[in-house]
Amino acid sequence: MNPPGHQVRRATLDDLQPLVALWQVAGLPALELEKHFTDFQVVARTDGPLIGAIGLSIQGHHGKLHSEAFFHPEQEEEFRPHIWERVQTVARNHGLTRLWTHESSPFWHHCGFEEADAEMLKKLPAAFGDSPAGWRTLQLRDEAAISHSLDQEFELFRVTEKESTEKLIRKAKTLRMIATAIAVILFGVVFAGLVHLVRQNRLRDRR
């Protein structure tokens, strides 16, 4: 739910310049982030001014929260929960099973993010970076159940495709048999016509 007088949404092209200014104020790599500005969820006043933003990069069923920034740090506590609510909605819509972040605010710990141990880091997508330090992670859904569900869907797809292929093969065989039968009939008609024509010519010759 949007806070009164504000909106939380995905960044648009109109947000690009304010975002660049925000990243510069926060000391973030604006030139690099500018290439992926549509990854950002923003909170802004309904009359325009941007208040803050956070990036959500997605790889498969994993998401990475990064580059959180607010123009006025004193507004973080007020608006961060609304951005988090928006992030959760986006995560659900994309079917994400796990989130990762380097954000160190206690807020994220209260949301359930925990330090990722060596075993957990094995699940970290390579696209999120190869540094093992400082990662926190939050499981959103049962990854094993998702994997099992995907396996079931793949098996159902495989069986369905096999049945479709078999139907096509049977149909092709039937059409081939029909075509062969038609060819035999046509050959028979042509042969009979030729025989009849030969007989007619012989009869004329005898006369």
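The values are calculated or read from the model by the stated rules, or taken from the named source; none is laboratory data. The structure presented is a predicted model; accordingly, all values stated were derived computationally and were not measured. Neighbour counts are summed over all protein chains in view; Cβ atoms, including those assigned to glycine, are modelled from backbone coordinates with ideal geometry.
Pick from the range 130-143 the residues that are assigned to a loop (DSSP other than H, G, I, E, B) and not hydrophobic (A, V, I, L, M, F, W, C): which of them is surrounded by the fewest Cβ atoms within 10 Å (Cβ to Cβ)?
Per the stated criteria, the residue is ASP130.
Can you name every residue in the range 85-118 that is of a type in the set (Lys, Arg), in a helix (DSSP H, G or I) and free of Cβ contacts under 8 Å to residues at least 60 places away in the same chain?
ARG92
Would you check if ALA127 is at pLDDT 85 or above, in the same structural domain as GLN59 (by TED's automatic domain parsing) and loosely packed, with under 11 Cβ neighbours inside 10 Å?
Spelling it out, it is not the case that ALA127 is at pLDDT 85 or above, in the same structural domain as GLN59 (by TED's automatic domain parsing) and loosely packed, with under 11 Cβ neighbours inside 10 Å.
Identify all residues within the range 1-41 that are closer than 20 Å to GLU78 by Cβ and surrounded by fewer than 12 Cβ atoms within 10 Å (Cβ to Cβ); write none if there are none.
Correct list: MET1, PRO4, GLY5.
For TRP100, indicate whether it is in the same structural domain as PHE40 (by TED's automatic domain parsing), within 17 Å of GLY55 (Cβ to Cβ), touching a His at 6+ places or on another chain (Cβ under 8 Å) and modelled with pLDDT of 95 or more.
Numbers: in the same structural domain as PHE40 (by TED's automatic domain parsing): yes; within 17 Å of GLY55 (Cβ to Cβ): yes; touching a His at 6+ places or on another chain (Cβ under 8 Å): yes; modelled with pLDDT of 95 or more: yes.
Here the answer is yes, as TRP100 does meet what is asked.
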